[in-house]
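Right, one structure below, let's go through it.
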Amino acid sequence: MDYPTFFAQLWDDYTQLNPQAAIIRARFGGAQVPNDHVAFRTFATPELGIAVLEPWLLELGYRREQRYVFPDKHLQAWGYVHLEPTAPLVFLSELQISALPDAAQAILARLLGQMTLPPDLGYGLFWAGRLWPAPSYAEFQALAAVSEYAAWLAVHGLHANHFTIAVHHLGVSLQEVVDSLLADGYPMNTAGGLIKGQPEDLLIQAATIASPVEVALADGLYTVPGCYYEFAQRFRQPDGQWYSGFVAANANQIFTSTNRATNSAMNQPAAGAARGQ
């Protein structure tokens, strides 16, 4: 598989969880809109950790660029760049389950202990979805209370968590993009400000709030955070090249785009949910 095919399949899967992303992309030029990067979430386990996912990226022509650590969220991550400079970057993070409270570890141990990992997934591992039984809503809430990342991943499994428009290739500023989205009523992530970072960091970013989606959990249908769309404006380095890294402080704020607190509709059963099943 080549990287354009890989990202095309990722996009098809991603827009199932975030249909508004296709609408947003269309307003800025549709399929021709340059993708800055895609991010993935996973658990730091022998079956699903970065060490398992990374070889597929390397086979596509990527290499490790820089490591990032988020102690408050119990995450570590790597940024990846491709041999082809116009290819999207990749941000791959994993949750250190052992850093969570015992009760949360027990929930994840039960779920992941029942994981079914088909041997022939190949690149499809990146859009394989949930490979374990659905948690109950109470388990989802218990996980979210200590790690929104863990709760999101337990419910959805493996997908592109977000795509990112490369604003610096659009001929407009990130502020203009944000103002346009706000004017049309798109909820935006305000953690750390609407625009995260400073030009001197060589990267500024913004993101929508994850669209709510209905999912079937162990005890019924519930509304939970889905995926979000990000917007990145990069600046050139002294050598004239676009900055190709990430800024940990920005990413730490953007992670909150999937937090339940951003939308009250995400804290209740979906309309017509079948409870107690």
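Computed from the coordinates by the stated procedures, all read-outs in this text should not be read as laboratory data. Computed from a predicted structure; not experimentally measured. Methodologically, a virtual Cβ is constructed for each residue, glycine included, from the backbone with ideal geometry; neighbour enumeration extends over all protein chains shown.
The peptide list 114-121, 32-39, 81-88, put in order of mean Cβ contacts within 10 Å with the highest first, becomes 32-39, 81-88, 114-121. Can you give me the angle between helix 102-112 and the longest principal axis of the chain, using Cα atoms only, in degrees from 0 to 90, rounded to the nearest 10? Approximately 90 degrees, to the nearest 10.
Computed from Cα atoms, the angle from the helix 3-17 axis to the main principal axis of the chain rounds to 50 degrees. Panel note: the C-alpha atoms of the chain, placed on their principal axes, show extents of 57, 41, 33 Å (largest first). Stretched out straight at 0.36 nm per residue, the stretch from MET115 to THR5 would grow longer than its current Cα-Cα span by 36.9 nm.
Given a Förster radius of 25 Å and the C-beta distance between ASP72 and TYR243 as r, what FRET efficiency does 1/(1 + (r/R0)^6) yield to the nearest 0.05?
Working: r = 25 Å, r/R0 = 0.98.
Once the sixth-power term is evaluated, E becomes 0.55.
Inter-label distance, SER98 to PHE28: 4.0 nm, where each label sits 7 Å from its Cα along the C-beta direction.
Straightening the chain between VAL146 and LEU58 buys 28.4 nm, computed as 0.36 nm per residue apart minus the Cα-Cα spacing. The length gained on full extension between LEU83 and ALA218, counted as 0.36 nm times the residue separation minus their Cα-Cα distance, comes to 44.3 nm.
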